[in-house]
Amino acid sequence: MSFSFKGKHGGSHPDDNKSRTSKLPIEDATVPKIMVFPVSMHIGAPAKPVVEIGDKVKAGQLIAEAGGFVSANIYSSVSGEVIAMEKRPTVGGESDAIIIKNDYSYTMADPIVEPGNAAGMSKDEILDTVRKAGIVGMGGATFPTSVKLSPPPGMTVDTLVINGAECEPYSTSDHRVMVEHPDEIIKGINLSRKLFPLLKHIYIGIEDNKPDAIKALEEASAEFKDITVRPLKAMYPRGSEKNLIKSVTGREVPPGGLPAAVRCVVLNTSTIRSCYRACELGEPLIERVVSVSGTPIKNPKNLRVKIGTPMDSLIDDCGGFSEVPGKVLGGGPMMGKPVSDLGVPIIKGTTAITVLTPEEAHIGEEQNCIMCAECVNVCPVSLQPILISEAFERGNIEKAKELGAMDCIECGNCSFICPSKIPLLDNIRAAKAAIKQKEEA
């Protein structure tokens, strides 16, 4: 990847590498025999299993219920039998998981609500349905959506921002959802109006490297005067919440603050579509679109995937590897995490599988910081990544916290831009984990 020295403050310009999949229609992925459902596929408390080994389940049946207010229900995406409950590797680390053997009959459970009644739902009914459906942020954050749609007491929302930026290189899953399902996105937006009675502005932010998506949503929203499709200059990480809010509204979320602090709520395009499908069709979140791309992938694709599908099945759908891969990432090259086991399952927040060649994956030898301040220049939340990293390496967790480690959005810009190849993002992630562990203790 390369970057431009122009317009670099607050972001960077990696090659987007989207051309291999941006024009490819969504295809149905193969559904394998064994499906893996981690109980931690969202931010917050793990879900609690409500099935046992030997139970027969239907597609769309609840298999684990939310473990707290910030948590999410999990549903089986296939019908079959629960054959194990054990720890399995995931993109985010090892997790307890429910293993289901697919019987390929796809016997469906009853819908979570009566289909066809979304228009008549009250605010409380909409929120309850979104919560019941297990919907979380599908752009990768995986924060439970029903919680996000319920701002803290005393905070009002007058602006809804729909995130269609999809700035992560290689990833085109949201792009294809916008092109192929714009009407469902707009219907989801209109449904959300009941949640925010003081709503005045609705913005759909899309990077300008997706002209077909911009056109599709402009046409779908043409009759709604308060919906504005806002083309945005492509820059990474344009799609981060605070960055996006500033880009489309001019408002700045304070450090450590929530979007609601500036009267905004931000939802990803696939997330708002899932909210509509839950309310209108009674459909829990059991599938999502995943782009599979990278130089070693023979036939890159955008795939409609059942949650719980192991990654190797999707790679097989794409014809496998044309050369030995150097790194496989759950996500894109900036924020994605490397996986060493291709049995890792697709979860609700998996936007992409990105495969790099050994040359592309080679970072280079770490050297001493040359004090160029590039990591400071590209940080979208105005942190000093090198200072946080150094504090962590010295074991000074309190100093890392004082420097704002917990405000890091983990975009990866600092590591990407660093000429000394210092693993800044890895160190900041580790610092955040240490801070959380200390606070919980």
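Restricting attention to the stretch 354-371, does a residue exist that is within 16 Å of the chain's Cα centre (by Cα), under 30 Å from residue 163 (Cβ atoms) and either crowded, with 16+ Cβ neighbours inside 10 Å or without any contact (Cβ under 8 Å) to a residue 24 or more places away in the chain (or both)? Steps first, answer last, please.
Start the filter on the stretch 354-371 by keeping residues that are within 16 Å of the chain's Cα centre (by Cα), which leaves 354.
Those left that are additionally under 30 Å from residue 163 (Cβ atoms): 354.
Those still in the list that are either crowded, with 16+ Cβ neighbours inside 10 Å or without any contact (Cβ under 8 Å) to a residue 24 or more places away in the chain (or both) too: 354.
Yes: one or more hits.
For the stretch 384-405, the criterion of being assigned to a helix (DSSP H, G or I) and within 21 Å of the chain's Cα centre (by Cα) is met by at least one residue. Condition check for residue 45 on (1) over 27 Å from residue 335 (Cα atoms); (2) without any contact (Cβ under 8 Å) to a residue 60 or more places away in the chain; (3) among the aliphatic types (A, V, I, L, M): one failure, at (1).
Scanning the stretch 197-221 for residues being touching a helix residue (DSSP H, G or I) at 6+ places or on another chain (Cβ under 9 Å), within 25 Å of residue 121 (Cα to Cα) and not in a strand (DSSP E or B) gives a total of 5. The residues of the stretch 222-262 that are of a type outside the set (Ser, Thr, Tyr) and assigned to a helix (DSSP H, G or I), listed by number, are 241, 242, 243, 244, 245, 246, 248, 259, 260, 261, 262.
Considering the stretch 170-196 alone, what residues qualify as being modelled with pLDDT of 95 or more and in a loop (DSSP other than H, G, I, E, B)? 170, 171, 172, 181 - these are the residues of the stretch 170-196 that are modelled with pLDDT of 95 or more and in a loop (DSSP other than H, G, I, E, B). Of all the residues in the stretch 101-124, those that are crowded, with 20+ Cβ neighbours inside 10 Å and out of contact with any Ser or Thr (no Cβ under 6 Å at 6 or more places or on another chain) number 3.
Checking the stretch 408-428 against the condition returns a match, with at least one residue being small (Gly, Ala, Ser), under 26 Å from the mean Cα position of the chain (by Cα) and in a loop (DSSP other than H, G, I, E, B). State yes or no: is residue 68 modelled with pLDDT under 95, within 18 Å of residue 144 (Cα to Cα) and surrounded by 15 or more Cβ atoms within 10 Å (Cβ to Cβ)? No: the conditions fail for residue 68. Residue count for the stretch 236-259 satisfying the condition of being of a type outside the set (D, E, K, R) and within 19 Å of residue 208 (Cα to Cα): 11.
The values are calculated or read from the model by the stated rules, or taken from the named source; none is laboratory data. Note that the coordinates shown come from a computational prediction; the quantities given were computed from them, not determined experimentally. Cβ coordinates were reconstructed from backbone atoms using ideal geometry, including for glycine residues, and neighbour counts include every protein chain displayed.
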